[in-house]
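Beneath this line is the structure, given in structure tokens, with notes to follow.
The numbers here are math on the coordinates, done by the rules we state, and not lab data. Just so you know, these numbers come straight off a predicted model, no measurement behind them. Reconstructed Cβ throughout: ideal geometry from the backbone, glycine too, with neighbour counts over all protein chains shown.
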């Protein structure tokens, strides 16, 4: 079984793809059947992934040598692209994680999407997404990865715009696609440069060649390539300054937010950087860039999250912030910590999104956290699982988030990035604060009498429970005392740091402080008025934060004024200069010439006859009085 | 022998032809022009006789002097009623036309005068009709037939063109 | 030289007649006048044909035959030409060529 | 099938259909449409057969038919296909077949319409299978006349009148061909002077042209560049393209944008570059600059459009800029990309135009502010539209991505910064394609379109045929590239010597 799964790992993306095709072409009229097909596809894929992952993680040979199956995709002299699957610990972890989370979310969606007119379509899209995401995770070639990268972007686009009749959804979808497209432009340039410089895009070959990059190119060029490649992840993973699409992406159905915009797709950027670590590793400057981007984004997004009111938006900014952590970890050179945080984050963030979905489902899509309260009594499962998620993200031991965040903090400190460490630590405090603000406002405190919540059906709560368990124990694979994780997931050499107790205690204290502050401000009943007063006192800061530093407005202005203005100019130039002056001008010139000649045509027969005879005369004279050469000029036939 | 008479006949006929042709062009009354045209045609027939083309002379008299002139007169009758006094005037490019004609005459005259023509090889046979008939109905039978068709087509065409269009038919 | 009539004499006569005809064609207003002047030009050509037939190829009769065809065509032409003039006259109540500049659009 | 004149059959099937249609009463609409469909289907099926029966390992011209025609001019009726012309032939037939179905609802003089359409398809096919310059030009001229008639009778008047559009289209085609003709005649005279034996076949000309002086090659290439370039809507000779497509009926837009334009690119590679490599080398930087101008400029102009057909019209100018850039890179990868991109763009543009045609037919408007929310009312139409839009912006997994990627590889290598501008075009392309899609298909559904019928029955054929090719070509690019490569490699091998020797601009 295990052997079979490992040698047929291409089944992992293929099964959901088949489910997609089956739904599109056959089962679309029957919603439940479509859902079953989709779930069967992803669960099948999960089983194969799990078996393959088991195979990988029980065979230490994989630490050195990945298992690659590849076939020629297309080729020409000087350019050959192979597509295939590459199994190594990182990709095995990734497909395992993605297919597991996706399976749970698919099941959840059966309940959440029930009764939606686009039920079948939804499952076809998410199946296609799962296929693309798994392909991204397992591909052995950067171009293949880019294909999957764009396909997940497409699915994200389709799913954000799933409620396409809403203008906000439509615009959010467009924004997501185009923002990612801008980033992909950089990534594409990076890939082109890699192809041109090194002549291959196969991961294995590239890693070998880049290890001796001096034979091919200079460090400057390689730095440029690394920066270009990094632009892709900035867009896809919602890093500053291309983070704007991610909060808007919450227009999509909540399972989509959980699956795509929290657990899997948005971390594809982290995954890509981890996959191309051999490139970044050679270029310290690019590593610094990654670290600074990540650290800054983490803090930046966390500050915005503090003031937001919509439940999913808070989670979205939290996602941006957490991915910032992952980037920071990558930048300080610890792929281990980064991917560990990705792993735990997938569980608790998916859990929280699904919990939020459950809340929205119960409240009929009322999203403002200030209008909720006390929900935990009516929705105990949702509430308590959400609390587990909150503990995990805040970094309270022994929940998953603690171990991974702690490792990131420790690594940052160890690598000597003190400023970034302080930023990350402060972010940890903010994270605990805003997340517990959300929890207290939503689940505790007074009930809002307008709401009539009810617990969601089992098909929704069971995935919540599953994810809650994972959020609790998922981090135990990588504690400082039992570092299984770092033995398998690493770049270069496994790194076994001594447990840094100071950092650990510090992070627990920060998290507890954040939670306590949130409790004081948002749970102690009378304090709510205090919050309002606080917000008014620091009105400027509050407004700037609430409006997300006005970055969306700046982009909108740039897009609508500069780009559209330029487009208008080009168009006017085209119709008035190229077309008007040159093309129609030539036409008019021809007409003018014709008008001029028209005067000579009197239209009177005798006039014509007169000229005609003059012409005949001229010909006769020429023929009769000149030599044969001139005559031949008229008769024709140049010999 | 007959040389002097032939010479005299040529000059006389040439004078009549040119004179009547000039009158055709210069007269202001179109009917007079046509009458002088008939004179010209008849003189032309005479000229053909001096060229040993008796059959052609007959045709000339029959077709041109007879048929064509009469037809033209009928045509004039159909369209020019009332005062015939100034029905045949010059237009305003007379001088230019004269210039062109002068050039044409100069060139033609010069060419005719300077071209060394081959001397006559033999006399024209007596029975011209027979000879013409022979080549016309043997070697040139197809042009002959085509000419016949042409005449037929011209006949039909002329009828079609000249036919009175009924006012109520379509031309309203 | 003047005494013996040669081909040149006929040529010159033909040229003169052709010139008179051409002048008429170019300078007359009346369409019928133009038509009859064309007849004059055709006749001038006929003189040439017959004269050449006599002086150069007396036994072939090609020239005469050609002249007959010319006469035939001329007859047809007069017929059709007059019909056209009548048709035009019926439309425009004029045969003055100065009134017709329909070739200009 | 040995000895069976496949290419001739492919060429003649639509002609035969046209002749049969001429003898059918004009009221028999359904019969006429079925005959047109049959004729084009035979061509399509046979060209698919030829595509897969072509022996790539052998390469070179196959399925050759050769009949001497005008000895004095060295003209042979010479048909044959290789790796460059086969994708184009297949493209023509795929689009031709789809175009018949895209015009299924033409009820104004359908007989005349389909006869002209069939002749048009034949003309276009002929240019791709001709291996003799004279025959090439002959078929090219066959194309021009039906286009004009089709536009002025069945076209539509929007920003410009259909008469203006038809005239512009035709005159541009003719101006292009006039310059081409001068170039061809001059080339012929010069080569005859070199070899003494007249030969109009491409290979013969190419061999003879090796004896031409560099100067001759350069100015002859310039003439051909102008001719083929204006056919390919090379900037700044592009302005016929948006107006023409906007005025033309759906089928003509499909064929024109899909394949007719590609005659320019095909000719540029097949004739101009192959016969006059030294000239190509000299002009390559100019071509590259014009190509990049076209990409950026047309993409920006497309962004400002509100008429769907204008968007696609400008977009096709923009995409042809990539082809020019690829040709200008003058290496194997670039030329592979150029030919493949022509194929990909053809499929995409045809699907786009057929979809817009259906939208226009149903809603009677192409003006984007008047549209919206169609995805709810006509979901299948929306699928077609999105497929085309995604292919237009070069989404991986669809046929146009890999060609663009190869073009980028080739041109980035040769032109560096210039290519970056062109690559940036993908952002603008995404912007206008998505805007058009979003504003047409998404947003609140409009009540006035509630009664619209989705495409169904024969109307689905363009989506089925072209959509399949879009996806299959995108997932299995080797199907296309192996074929193109088998044509490009020998071509480049023949001219590589000249390319290295010739001086540059």
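Can you give me the convex hull volume of the Cα atoms of region C:7-99, divided per residue and expressed in Å³?
Cα-based convex hull of region C:7-99, divided per residue, equals 58 Å³.
Where does each of A:522, D:314 land when they are ranked from fewest to most other beta-carbon atoms within 10 angstrom? All intermediate terms of the calculation are to be shown ahead of the outcome.
Working: A:522 25, D:314 29.
Lowest count first: A:522, D:314.
Report D for region A:553-635 in µm² per second (integer): Stokes-Einstein, Kirkwood Rh on Cα pairs, 10 °C, 1.306 mPa s. Could you put the intermediate results ahead of the total?
On the way: Rh = 18.4 Å.
Taking Rh from Cα pairs, D becomes 86 µm²/s.
Given the alpha-carbon gyration tensor of chain B, what are the semi-axes of its equivalent ellipsoid in whole angstrom, ordered largest first, with each equal to the square root of 5 times an eigenvalue?
So the equivalent ellipsoid measures 35, 27, 17 Å along its semi-axes.
Given the C-alpha atoms of region A:1-140, compute the convex hull and give its volume per residue in Å³.
That works out to 108 Å³ per residue.
Over chain B, what is the relative contact order in whole percent, taking alpha-carbon pairs under 8 Å and six or more residues apart?
17 percent
Relative to the longest principal axis of chain A, what angle (0 to 90°, nearest 10) does the C-alpha long axis of helix A:501-518 take?
The answer is roughly 80 degrees.
Once both axes come from the Cα atoms, what is the angle between helix A:219-236 and the longest principal axis of chain A, in degrees from 0 to 90, rounded to 10?
That helix lies at roughly 70 degrees to the long axis.
Determine the principal axes of the Cα atoms in region A:384-542, then give the extent along each, sorted from largest to smallest and rounded to whole angstroms.
Here the spans come out as 57, 44, 22 Å, largest first.
Apply the Kirkwood formula to region D:1-74: the hydrodynamic radius equals the inverse of the mean of 1/r over all pairs of different alpha-carbon atoms; give it in Å with one decimal.
14.5 Å
Dividing the convex hull volume of the alpha carbon atoms of region A:354-407 by its residue count, what do you get in Å³ per residue?
87 Å³
Using only Cα positions of region D:344-465, each an equal point scatterer, no hydration layer, compute I(q)/I(0) via Debye at q = 0.10, 0.11, 0.16 Å⁻¹ and quote the log10 values to two decimals.
-0.36, -0.42, -0.77
Helix-only estimate, please: 222 nm mean residue ellipticity of the protein assembly as shown, summing -39500 (n - 2.57) across DSSP H runs of length 4 or more and dividing by its residues, to the nearest 500. Write out the running numbers ahead of the final one.
Working: 60 runs with 996 residues, N = 1421.
Result for the protein assembly as shown, helices only: -23500 deg cm²/dmol.
Per residue of D:405-411, what is the mean number of Cβ atoms on other protein chains within 10 angstrom of that residue's Cβ?
That works out to 5 on average.
First check a/c for region D:175-305, with a ≥ b ≥ c the square roots of the eigenvalues of its C-alpha gyration tensor; if it is under 1.5, answer rounded, and if not, answer prolate when a/b is larger than b/c or oblate otherwise.
The shape class here is prolate.
Please give the length that would be gained between residue A:220 and residue A:448 if that part of the chain were fully extended, namely 0.36 nm times their separation in residues minus their C-alpha to C-alpha distance (nm, one decimal).
Result: 76.1 nm gained on full extension.
Taking Cα atoms of region D:1-143, Rg/Rh with Kirkwood Rh, to two decimals?
On the way: Rg = 15.7 Å, Rh = 15.6 Å.
A ratio of 1.01.
Can you list, largest first and rounded to whole Å, the semi-axes you get for region D:114-259 by taking the square root of 5 times each eigenvalue of its Cα gyration tensor? Could you put the intermediate results ahead of the total?
Values: eigenvalues 210, 55, 20 Å².
After diagonalising the Cα gyration tensor, the semi-axes are 32, 17, 10 Å.
Over the Cα atoms of region A:135-220, each weighted equally, I'd like the Debye log10 I(q)/I(0) at q = 0.12, 0.21, 0.24, 0.26 Å⁻¹, rounded to two decimals.
Debye output, listed in q order: -0.48, -0.96, -1.10, -1.19.
From other protein chains only, count the Cβ atoms within 10 Å of every residue's Cβ in C:93-102, then give the mean.
Shielding by partners across C:93-102 averages 4.
What are the equivalent ellipsoid semi-axes of region D:224-299, built from the alpha-carbon gyration tensor (square roots of five times its eigenvalues), in whole angstrom, biggest first?
Semi-axes (√(5λ), whole Å): 24, 15, 8.
In which sequence would B:27, D:119, D:374 go, from the one with the fewest C-beta neighbours within 10 Å to the one with the most?
B:27, D:119, D:374
Compute the length gained on full extension between residue A:529 and residue A:371: take 0.36 nm times their separation in residues and subtract their Cα-Cα distance, giving the result in nm to one decimal.
Length difference between fully extended and current span is 55.4 nm.
So what is log10(I(q)/I(0)) for chain D at q = 0.06 1/Å, when the Debye sum runs over its Cα atoms only?
Values, matching the q order: -0.24.
Tell me the Kirkwood hydrodynamic radius of region B:1-81 in angstroms, computed as one over the mean inverse distance between distinct C-alpha pairs.
Evaluated over region B:1-81, this radius sits at 13.3 Å.
Which of B:116, B:143, B:125 moves the most in a Gaussian network model of chain B with Cα springs under 10 Å?
In this elastic network of chain B, the residue with the biggest mean-square fluctuation among B:116, B:143, B:125 is B:116.
Once Rh for region A:183-225 is found with the Kirkwood sum over Cα pairs, what is the Stokes-Einstein diffusion coefficient at 20 °C and 1.002 mPa s, in µm²/s?
Value of D from the Cα-based Kirkwood radius: 204 µm²/s.
Which whole-number percentage describes the relative contact order of chain A, with Cα contacts under 8 Å and a sequence gap of 6 or more?
With pairs under 8 Å counted, the relative contact order is 11 percent.
Roughly how tilted is helix D:85-102, in degrees to the nearest 10 and between 0 and 90, from the longest Cα axis of chain D?
It is inclined by approximately 20 degrees.
Alpha carbon centre of region A:422-497 versus region D:178-229: separation in Å?
When both Cα centres are located, 73 Å separates them.
Could you bin all the Cα-Cα distances of the protein assembly as shown into 20 Å bins starting at 0 and give me the percent of pairs in each, rounded to whole numbers?
9, 28, 26, 17, 9, 8, 3, 0
Distance from the Cα centre of region D:373-401 to that of region A:1-75, in angstrom?
Centre-to-centre (Cα) distance: 27 Å.
For region A:223-378, compute the orientation-averaged projected area of the C-alpha convex hull (one quarter of its surface), in nm².
Average projection, Cα convex hull of region A:223-378: 8.6 nm².
With N residues in chain A, what two-decimal value do you get for its Cα radius of gyration over 2.2 N^0.38 Å? Please list the in-between numbers first.
Values: Rg = 32.1 Å, N = 639, 2.2 N^0.38 = 25.6 Å.
So the Cα radius of gyration is 1.25 times the expected 2.2 N^0.38 Å.
In percent, how large is the relative contact order of chain C, given Cα pairs closer than 8 Å and 6 or more residues apart?
Once normalised by length, the contact order is 27 percent.
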